[in-house]
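Q: I'd like to ask some things about the structure below.
The values are calculated or read from the model by the stated rules, or taken from the named source; none is laboratory data. From a predicted model like this one, the values you see are computed outputs, not experimental measurements. Virtual Cβ from ideal backbone geometry, glycine too; neighbours counted across all protein chains shown.
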Amino acid sequence: MENNVDEERCRLYLITPPEIDPIKFSGALAEALNSGDVAALQLRLKNADDDAIRRAVAVLLPLCREKDVPLILNDRPDLAAECGCDGVHIGQHDASYAEARKALGADGIIGVTCHDSRHLAIEAAEQGAEYVAFGAFFPTATKDAKTDASIDILEWWSELMVVPAVAIGGITPENCTPLVRAGADFLAVVSAVWDHPEGPAAGVKAFNNAIADAG
């Protein structure tokens, strides 16, 4: 992902809740994007049909474009290309990297879930992924985490590789400091922003403050 703030600074990578009403959610998204630095938004709708995903992209993409925030679709390179998304995030059981690159073209952002595997991460980086994602670092209720990742994988990756690393899984402003200091380039967050007791703007501000303090 293009980093237009500070190449050395960890940044916030927002992920949508698994079920949203795009019109209602657009208000929360605008609030979040207006309140601090956000590197990207991943649209991750589980159990949604293709038309529901298309409708969500149609509503949310203009908000992201207005703030120069890439919109990355989860799982579906074909729909990402069709809907004009900036990229796609693929898991190990989704489309292959080659399929994603063919769909998105040379300029599309492709991120790859690598769980806690150094091998998978190196493989993704060698293929050309724009980022690799490690996790889960903490317990999370958002999805069933298949693996537990340790902070040392971020330290190892940041020392050896230039491809950015996304940390995911139960991350909050209160527990993110070790991840930032270990070299995470992005913190992927769902509930800690959207379910923040004072609203998503407060959630984004809390993360930006925590990241700044950790640095």
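Q: With respect to I110, is the statement that it is touching an Asp or Glu at 6+ places or on another chain (Cβ under 8 Å), of a type in the set (A, V, I, L, M, F, W, C) and either more than 25 Å from G36 (Cα to Cα) or surrounded by 17 or more Cβ atoms within 10 Å (Cβ to Cβ) (or both) true? I'd like the intermediate steps shown before the answer.
A: Working: touching an Asp or Glu at 6+ places or on another chain (Cβ under 8 Å): yes; of a type in the set (A, V, I, L, M, F, W, C): yes; either more than 25 Å from G36 (Cα to Cα) or surrounded by 17 or more Cβ atoms within 10 Å (Cβ to Cβ) (or both): yes.
When the stated conditions are applied, I110 passes them.
Q: So which of L14, L60, L104, L79 ends up being touching a Cys at 6+ places or on another chain (Cβ under 9 Å), buried (at least 19 other Cβ atoms within 10 Å of the Cβ) and not small (G, A, S)?
A: It is L104.
Q: May I ask you to say which residue of A48, A81, A56, A98 is in contact with a Pro (Cβ under 6 Å, 6 or more places away or on another chain), at negative phi and touching a residue at least 12 places away in the same chain (Cβ under 8 Å)?
A: The unique qualifying residue is A56.
Q: With the requirement that a residue be within 24 Å of S158 (Cβ to Cβ) and in contact with a Ser or Thr (Cβ under 9 Å, 6 or more places away or on another chain), what does segment 88-122 give you?
A: If the condition is that a residue be within 24 Å of S158 (Cβ to Cβ) and in contact with a Ser or Thr (Cβ under 9 Å, 6 or more places away or on another chain), then H89, I90, G91, Q92, H115, D116, S117, L120 are the ones that fit.
Q: Determine which member of the set A58, A48, A28 is under 18 Å from the mean Cα position of the chain (by Cα) and modelled with pLDDT of 95 or more.
A: Within the list A58, A48, A28, the selection yields A28.
Q: Going by what's in this entry, would A212 be described as in contact with a helix residue (DSSP H, G or I) (Cβ under 9 Å, 6 or more places away or on another chain) and either in contact (Cβ under 8 Å) with a residue 40 or more places away in the chain or exposed (fewer than 14 other Cβ atoms within 10 Å of the Cβ) (or both)?
A: No.
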